[in-house]
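What follows draws every value from the coordinates through simple rules; no lab data is involved. Values in this document were obtained by computation on a predicted structure and should not be read as measured data. Here the Cβ is made from the backbone with ideal geometry for all residues, glycine too, and neighbour counts use every protein chain on show.
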Amino acid sequence: MDRRTIGIALGGVTGRMGYRQHLVRSLLAIREEGGLPLRDGSRLWPELVLVGRSEAKLREIAERHGLTDWSTDLTATLARPDIQIYFDAQVTSQREKALRMAIDAGKHIYTEKPIAEDLAAAVDLARLADGAGLKHGVVQDKLFLPGLRKLDRLVKGGFFGRILSIRGEFGYWVFEGDWQPAQRPSWNYRAADGGGIVVDMFPHWHYVLEQIFGRVNAVTAHVTTHVPTRWDENGDAYEATADDAAYGIFEIEGGVVAQINSSWAVRVYRDELVEFQVDGTEGSAVAGLRNCRIQHRATTPKPVWNPDLPATEDFRSQWQVVPDNEEFDNGFKSQWELFLRHVVEDEPYTWDLWAGARGVQLAELGLQSAREGRRIEVPAL
């Protein structure tokens, strides 16, 4: 069996997402399968270079997984001719600089989002990469999750008829860090470090809405910091200067209205940490990360409002489960495979830096809407 290699420098691999989803569950998983099958019958083998600031952490991760190549010098790593792709999963405030260095070095780009801290920088990165003739992609993992793939299948199949509205609920209680350790890093709650739920989640909601339902034309948002004081990894109290909750209304082409609540200060009373309910003239669906349930027009019951009597209907039992109909791999791994085929086989790929820039744009306009207390139209890039 022929094996082709491709060199990938992984920035930010010591972080939670960079390590767990991108290294272990994506690239190492591809290697465990013998490489990525290509059209010509060969297999693509990712040769990995771990890049970060902590020599001790990099060495420990490398030894844990039988890797030998790591570096604290990004400039020297990008200068290597055997590196074709640079991937970035650093904190947002460090991302733009690293991506610019990689573009200048002539490397293809794959990156977590948001791709930059503001729209001007995000657009400039996309233009630079295009101008250099480089392939570029942005992680849009939720599109590859089983629940949303089933939802997309329903939309494409015309199940809903005319789609009317979308209601999304995302979030969970992130502990303050005093009496129980927080399950998210403290920089998420400091604006100066690129934290905030709007810059984190609005880019996600943008690609979900845009790619499944249509272009986002306008946004109205209310943003707040519900928990003003948190405790960091050292147990020291700090002021939370970034928003931890956002309540958004997104107007989508065709008259569809999406309402999405995002909060790190909410306790979960739903089946999954994120759920989207889509209502249409012919049917409705509720999709989470893995599951999707539907109720067709012909099987919709006829509730009657009567507050004087207890409810006797089991509303959840009136919905039908959408079958998998296929095996779903890890969403991050699936998108990695598509990007690698895009680089080596020129397969079509739409989740690029321009898509990432539109996500940054929506976050920026959402924050503007909250500051000014008004609806903001989303201009085309």
Lys/Arg +1, Asp/Glu -1 at C-beta; segment 142-327 dipole; positive extreme among Gly194, Trp231, His296: His296
Trp45-Arg3 pseudo-label distance in nm [points 7 Å out on the Cα-to-Cβ vector]: 0.3 nm
Beta bridges per DSSP with both ends in the chain, % antiparallel, nearest 5: 60 percent
Exposure proxy ranking, count of Cβ atoms within 10 Å, fewest first, for Phe175, Phe144: Phe175, Phe144
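For Ile252, what is the net charge nearby, where nearby means another residue's Cβ is under 12 Å from its Cβ and Lys, Arg count +1, Asp, Glu -1?
Residues close to Ile252 contribute a combined charge of -2.
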Given charges at beta-carbon only (K, R positive; D, E negative), |dipole| of the chain in Debye: 540 debye
Angle between the chain longest axis and helix 119-131 axis [Cα atoms, degrees, rounded to 10]: 50 degrees
Pairs beyond 20 Å (Cα-Cα), from Lys57/Lys135; Lys150/Lys333; Lys113/Lys135: Lys57/Lys135
Cα-based helix-to-principal-axis angle, 331-345 vs the chain, degrees rounded to 10: 50 degrees
Order by protection proxy (mean Cβ within 10 Å, highest first), peptides 279-286, 347-354, 52-59, 22-29: 22-29, 279-286, 347-354, 52-59
On Cα atoms only, tilt of 92-104 relative to the major axis of the chain in degrees: 50 degrees
13 Å beta-carbon shell around Glu55, net charge (K/R +1, D/E -1): 0
Residue of Ala287, Ala258, Ala237 that the Gaussian network model of the chain assigns the largest fluctuation, springs spanning Cα pairs under 10 Å: Ala237
